1. Only one of (1) open to solvent by less than 60 Å² (accessible area, probe 1.4 Å); (2) within 25 Å of TYR89 (Cα to Cα) is not met by VAL116, so which one is it?
2. From the list ARG99, ARG105, which one is among the basic types (Lys, Arg) and in contact with a helix residue (DSSP H, G or I) (Cβ under 6 Å, 6 or more places away or on another chain)?
3. Quick one: ARG81 ticks every box in (1) surrounded by fewer than 19 Cβ atoms within 10 Å (Cβ to Cβ); (2) within 15 Å of the ligand (Cβ to nearest atom); (3) of a type in the set (D, E, K, R) bar one, so which box is it?
4. Can you say whether ALA12 is open to solvent by less than 60 Å² (accessible area, probe 1.4 Å), closer than 25 Å to LEU165 by Cβ and touching an Asp or Glu at 6+ places or on another chain (Cβ under 9 Å), as far as the supplied structure shows?
5. Anything in the range 160-176 that is open to solvent by less than 80 Å² (accessible area, probe 1.4 Å) and of a type in the set (D, E, K, R)? List them, or say none.
Amino acid sequence: MDEAEDAFELRALQPDDSFTSMRAGHERFTPLKLFARKNAKKYEAENLARTYVVHDRVHKRSAAYVTLVCSEVTSGPELVREDGLHFPYDTYPAVKIARLLVDDRYRGQGLGVHLVNFAQGIAKAEICPAIGCRFVVVDSKAESIKFYERCGFTLVDTGENRARLEPVMYLDLHKAQ
Ligand SMILES: CC(C)(COP(=O)(O)OP(=O)(O)OC[C@H]1O[C@@H](n2cnc3c(N)ncnc32)[C@H](O)[C@@H]1OP(=O)(O)O)[C@@H](O)C(=O)NCCC(=O)NCCS
């Protein structure tokens with residue numbers, strides 16, 4: 001992303017952003033493309049979510065997007081702190097990565113990590129100081145678990161969670177740099 005700063009712009013969703021030419025790759029990811037096309041602006045207007053877009057200035061199209069919402073994590077023995085202890089409270093405030101899609105023509109260039117780091121940065125720099133927030137969470141696609149681990153997330157370690165189509169992963173902002 002750094003090397004391609006001139007080509008790409010990361011910005012809040014704009015009224016004229018279009019996702020019609022966006023390519024999701026496998027059909028399992030089509031709902032992510034449809035959300036961007038049909039719901040992102042509506043959710044924005046209703047204050048249900050915030051979407052940020054990587055805009056390709058050269059081809060004048062959306063290359064990737066992330067959608068963030070407020071969330072809450074229910075704690076339990078499966079949620080383990082970095083020091084090995086458990087979290088004492090029943091629930092914790094969180095920012096949730098509700099949607100993340102990199103157009104398949106743009107994958108492997110660092111855009112995904114950049115958007116996750118951006119989400120983490122918003123949580124730490126803007127949400128935490130204003131209202132308190134302990135985690136960034138995501139319902140990962142099963143095939144993206146390794147990607148989120150690469151971003152510092154931990155899989156909630158239960159058989160039930162591992163068996164889910166979209167297993168829950170979390171990043172403790174208290175330890176995140
Ligand atoms: C998962 C996704 C967001 C990754 O985006 P991306 O821009 O291709 O990822 P990056 O280029 O930032 O990759 C960063 C690192 O993660 C690795 N990585 C990316 N996708 C991976 C995957 N599915 N499995 C394992 N590793 C992966 C890359 O190899 C790279 O590692 P490296 O830096 O050691 O070389 C993208 O593939 C995508 O949109 N997938 C479909 C939708 C999806 O799964 N969304 C997330 C769940 S909601």
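1. Status for VAL116: all satisfied but (2).
2. Matching residue, one of ARG99, ARG105: ARG99.
3. Unmet condition: (2).
4. So ALA12 does not fit the description; no.
5. Within the range 160-176, GLU166, ASP172, LYS175 meet the criteria.
Residue by residue, here is whether (1) under 13 Å from ASP172 (Cα atoms); (2) among the aliphatic types (A, V, I, L, M) holds:
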residue	(1), (2)
VAL113	no, yes
GLY121	yes, no
ALA125	no, yes
PRO129	no, no
GLY132	yes, no
VAL136	yes, yes
SER140	no, no
LYS146	no, no
CYS151	yes, no
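The values are calculated or read from the model by the stated rules, or taken from the named source; none is laboratory data. Predicted, not measured: the structure shown is a model, and the values here were computed from it. Here Cβ is always computed from backbone atoms with ideal geometry, including for glycine, and neighbour counts include all displayed protein chains. Heads up: the accessible areas ignore ligands, DNA and RNA and are worked out on the full protein's heavy atoms, side chains in. Shrake-Rupley method; radii C 1.70, N 1.55, O 1.52, S 1.80 Å.
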